[in-house]
Amino acid sequence: MQASPAREQSDKRQRVRVESADKERTKRNANGLDAQRNTRSTENAVFSNNDDGLINKKLPKELLLSIVPALSGSSPFYPHSIVPALSGSSPFYPHSIVPALNGSSPFYPHSIVPALSGSSPFYPHSIVPALSGSPLLAVIFSFLDIVTLCRCAQISKAWNILALDGSNWQRIDLFNFQTDVEGRVVENISKRCGGFLRKLSLRGCIGVGDSSLKTFAQNCRNIEHLNLNGCTKITDSTCYSLSRFCSKLKHLDLTSCVSVTNSSLKGISDGCRNLEYLNLSWCDQITKEGIEALVRGCRGLKALLLRGCTQLEDEALKHIQHHCHELVSLNLQSCSRITDEGVVQLCRGCHRLQALCLSGCSNLTDASLTALGLNCPRLQILEAARCSHLTDAGFTLLARNCHELEKMDLEECVLITDSTLIQLSIHCPKLQALSLSHCELITDEGILHLSSSTCGHERLRVLELDNCLLVTDASLEHLENCRGLERLELYDCQQVTRAGIKRMRRVLDFGVEGMKRSSSSLEHSTFLMLRLSFLMSKSMPTLLQSPLHQQWQEVDIDCAGAVSYSDSSSLGQGPHPPG
């Protein structure tokens, strides 16, 4: 049956109108002017009925003209490159947009992840079609943390592939999931990431054992940084696996892996010769034989932490001195068998030493300080707490030769006097932190020299004077000169009075009982640590009225029961400090 001439004429006119509209739309698209295009038409260009989900068959031309050039800033619609905005380093995009993906940014309060599928009430139109297959998406994914990547992986199959791509998982920290992480999780991660993984932290993951770490070592042979702190199930078998497969390892933390023995150190020495950092703290089965095996193979060690390795003796330090000439940091805390002989030998071979912890090595005398002063001029950090045989003579020689000192912990060095403070004030202008707790011979004169020195005026940030029984209100007056002081500890300073605190408050316009944030003094104060026998319950309202209490990260007030729980509990009210 033939159509009537009128019907044919009508169809012809309709075809002409459609063709005309198509031509006009094409022209507008090419000029980048079609701002009102239908979202569904874009979706049709990207979505497919194929089981693979999102497939980038052909991006609309206007997207190629706008989104992709934005990566380099060449787009007329995005004149400034948006890549720096991903980390917040762009002057045009001052706030990083990455937190916006999970709603953690205060500048983007609503997570835009739901918008990716159009399920957000705040972003009603899905932006998936605009990004799928775009180089921009791969760049964004490379900045995301593992939680956000997992969220993005649930958007679609294509996004799942992109989000779980091994190149986005080069650095993984599972500490926040430590109670849930088991061996199979580590195995799956190793299979997914393979050679891409460079840094993995399993700190506190007590469910991880030798078997899963063997699989990990086989799959992730480019690993450089591995933290197994607190993985108490692992034994020497794990270290054998690392030695066999992970030759690029530079940083290894085995803290509290109590089953690790000297055999582990022999294996690490044979297979991980690029190692620069090793933490063996509280691995109490380690002896001098293990240290000897380690340092013979790992001669590039720069940091070695041996806290709580109580079986170590002077012989271990002699082996370190012979082979580890690049050593910068050494921690021997609580290695109580170490004597002056070992420290002297160590200093003769490790001239680049910058940080040394000898706290709890109670057998040491001034001979160790003399060796440090004569051989380690780059020393910046010295911790010698509870070394009760050290005197002013040793610290005098040390101060006169080690002008780079920045931090010193001299707690319970009970023989030192103001003479040590005078020498530090004269010769150590970079001193930032000093602990003199339980140094009961320190007086106001020593504090005077310290506060009036270059380091006191410009550098000193932390000063601990707990149980310095001869310190009085005069010291508080001297400390008014320390413009950068951030933390002052005065626990059990029995001669510091309420009148002294009030005077300090009046002079420096202090806010509460001795500490105030001010542009000229204690500007960055985040800690209040006062233990005063006269601080009573009536002081608490003053503390709460001060705007400063909203800025403190920690308030430690120990008054032997003078402040009741009901008084202090109200400290939790008001804004909480940032986590």
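Just so it is clear, none of the values below were taken in a lab; they were calculated from the coordinates. All figures in this text were calculated on a predicted structure; none of them were measured in a lab. Using ideal geometry, Cβ is built from the backbone for each residue, glycine included, and neighbour counts are taken over all protein chains shown.
Checking the cross-link pairs LYS191/LYS318; LYS288/LYS430; LYS157/LYS199 against a 31 Å limit on the alpha carbon distance flags LYS191/LYS318; LYS288/LYS430 as lying beyond it. Working note: Cα atoms of region 258-382, range along each principal axis, descending, whole Å: 37, 25, 20. Region 321-343 and region 192-271 have Cα centres spaced 25 Å apart. Model label sites at GLN495 and THR454, defined 7 Å from Cα along the beta-carbon direction, differ in position by 3.1 nm.
A simple rule links phi to the HN-Hα coupling: the Karplus curve 6.51 cos²θ - 1.76 cosθ + 1.60 with θ = phi - 60°, which for region 417-429 gives 10, 4, 4, 4, 5, 4, 5, 5, 5, 7, 9, 10, x Hz, with x for Gly and Pro.
Modelled spin labels at LEU164 and SER388, positioned 7 Å past Cα toward Cβ, are 6.1 nm from each other.
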